[in-house]
Each structure stands twice: as structure tokens, then as C-alpha cells.
Amino acid sequence: MYRGSQQVTHIKHLGAGVYREWLADGRVCVMLSTQVGREVTDVWTDAIKKLLDEADPSKPVYLIYDFSASRTILTPYNQQKVMEVASYRPEIVNIMAVIIQKNLFGQIMKAFLDRLRFPHITVQVFFSRGEGEAWIMEKLAEESTQPSLNASKSPTNGDMP
């Protein structure tokens, strides 16, 4: 299983082909999906909600969603669940790198995610885990130079001002 360039501190199988890894001394949560289906979507949704429930609202949550190992497609059900998670705990800033396959389904998912606009979410889509990790680590490093990412919640979806 690919674990990227950062040192993984813990890997846990959550069920239905969904794994959670921690990078950067537990500051970055990686959710890896190796299968597709409704059960996978439910496990992923529950895990993200639990993570957000346990998060400190004064600090951003750094997430990597790695769908590159599965043939993830958008269905009405998983689109609904993405929207449910995106609107959950809006007081917490989410910085997300989404890793997808570079194929037709990946392009459709990218178009969907590019339209995702929530004031507390910054999302960038990548076709390689290494690029996604590098971007999220850059965002994590920026946190130490900013007084508070929660003070200014403006959607960027990866676009820089």
C-alpha cells in the first residue's frame, strides 16, 4: 500500500476498504479508500464526522482524501454524503487535498469538487499522492505564519488570491 513521502504515524483499517493514516505527527489525516460502494461511503462519512467531532475548532483540520486506489465514481448517494460532510461542523476550517485517478471518472469528480463552495473549506484536487501531500504540508507550514486560519473563512478551492 502506498504511504507517500511523509512518515506515517498510524494506519487503521476502518472497514469496507477504508483506511485512516496520520502524517506530520498527527496533524494530517489521510483517508484512503480502496473499494467503492455504499458501505464504503458510509464508513468514510462516519469517520470524517467523528474526526470533526473530536477536532479543536480553533485549529484547521488538514485532510487528504486518497481515492486513487479505487475506481471511485460519483453517484447521487455519495454526492449527498459529500455535501453532508462538507456542511458538518462549519465552524472548523478544513484544508483538503483530494487524490483521484486521472481518468474520465476522476475528471467528473474533479468538476464536482471544483464547484464545492463552503466558506470553511479549501480543497485542491491532485492526480498523484505525492503532489497532494506536498500541497497539504505547505498549507500546514503556512499555519504557523498566520495568526488564525479560522479568522478569515473565504472559499478558495485551491485558487490563490
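For PHE118, indicate whether it is outside any loop (DSSP other than H, G, I, E, B) and either out of contact with any Gly (no Cβ under 6 Å at 6 or more places or on another chain) or at pLDDT 95 or above (or both).
Taking the combined requirement at face value, the residue does not satisfy it.
Looking at (1) in contact with a Lys or Arg (Cβ under 7 Å, 6 or more places away or on another chain); (2) closer than 25 Å to ALA141 by Cα; (3) in a helix (DSSP H, G or I), which one does PHE105 not meet, given that it meets all the others?
Among (1) in contact with a Lys or Arg (Cβ under 7 Å, 6 or more places away or on another chain); (2) closer than 25 Å to ALA141 by Cα; (3) in a helix (DSSP H, G or I), the lone unmet condition for PHE105 is (2).
Does ALA111 qualify as being among the small types (Gly, Ala, Ser) and outside any helix (DSSP H, G or I)?
no
Select from the range 121-145 the residues that are in contact with a Phe, Trp or Tyr (Cβ under 8 Å, 6 or more places away or on another chain) and outside any helix (DSSP H, G or I) and write down the one among them that is nearest to TYR62 (Cα to Cα).
Just the residues of the range 121-145 that are in contact with a Phe, Trp or Tyr (Cβ under 8 Å, 6 or more places away or on another chain), to begin with: 124, 126, 129, 132, 135-136, 139-140.
If we keep only those that are outside any helix (DSSP H, G or I) as well, we get 124, 126.
Numbers: GLN124: 12, PHE126: 15 Å.
Among those that are in contact with a Phe, Trp or Tyr (Cβ under 8 Å, 6 or more places away or on another chain) and outside any helix (DSSP H, G or I), it is GLN124.
Can you find a residue in the range 99-106 that is in contact with a helix residue (DSSP H, G or I) (Cβ under 8 Å, 6 or more places away or on another chain), touching a residue at least 40 places away in the same chain (Cβ under 8 Å) and within 20 Å of ALA24 (Cα to Cα)? Step through it out loud before you land on a result.
Just the residues of the range 99-106 that are in contact with a helix residue (DSSP H, G or I) (Cβ under 8 Å, 6 or more places away or on another chain), to begin with: 99-100.
Applying the additional criterion that residues be touching a residue at least 40 places away in the same chain (Cβ under 8 Å) yields none.
The answer is no; no qualifying residue exists.
Checking the structure you have, find out if any residue of the range 65-76 is modelled with pLDDT of 95 or more and touching a Ser or Thr at 6+ places or on another chain (Cβ under 6 Å).
Scanning the range 65-76, I find no residue that is modelled with pLDDT of 95 or more and touching a Ser or Thr at 6+ places or on another chain (Cβ under 6 Å), so the answer is no.
For (1) in contact with a strand residue (DSSP E or B) (Cβ under 9 Å, 6 or more places away or on another chain); (2) hydrophobic (A, V, I, L, M, F, W, C); (3) outside any helix (DSSP H, G or I); (4) at negative phi, each residue gets a yes or a no:
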{"residue": "HIS13", "(1), (2), (3), (4)": "yes, no, yes, yes"}
{"residue": "LEU32", "(1), (2), (3), (4)": "yes, yes, yes, yes"}
{"residue": "LYS59", "(1), (2), (3), (4)": "no, no, yes, yes"}
{"residue": "LEU74", "(1), (2), (3), (4)": "no, yes, yes, yes"}
{"residue": "VAL98", "(1), (2), (3), (4)": "yes, yes, yes, yes"}
{"residue": "GLN101", "(1), (2), (3), (4)": "no, no, yes, yes"}
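Residue under question is ARG89, and the condition is that it be touching a residue at least 24 places away in the same chain (Cβ under 8 Å) and at positive phi; does it hold?
Details: touching a residue at least 24 places away in the same chain (Cβ under 8 Å): yes; at positive phi: yes.
Criteria met by ARG89.
Could you please find all residues in the range 38-95 being of a type in the set (D, E, K, R), more than 15 Å from the chain's Cα centre (by Cα) and surrounded by 13 or more Cβ atoms within 10 Å (Cβ to Cβ)?
Of the range 38-95, the ones of a type in the set (D, E, K, R) are 38-39, 42, 46, 49-50, 53-54, 56, 59, 66, 71, 81, 84, 89, 91.
Next cut, more than 15 Å from the chain's Cα centre (by Cα) only: 38-39, 42, 53-54, 56, 59, 71, 91.
Hits for the range 38-95 are GLU39, ASP42, LYS59.
What is the residue count in the range 76-96 for residues that are over 21 Å from VAL40 (Cα atoms) and part of a helix (DSSP H, G or I)?
Residues that pass the stated criteria total 0.
The values are calculated or read from the model by the stated rules, or taken from the named source; none is laboratory data. Everything quoted here is computed from the prediction, not taken from an experiment. Using ideal geometry, Cβ is built from the backbone for each residue, glycine included, and neighbour counts are taken over all protein chains shown.
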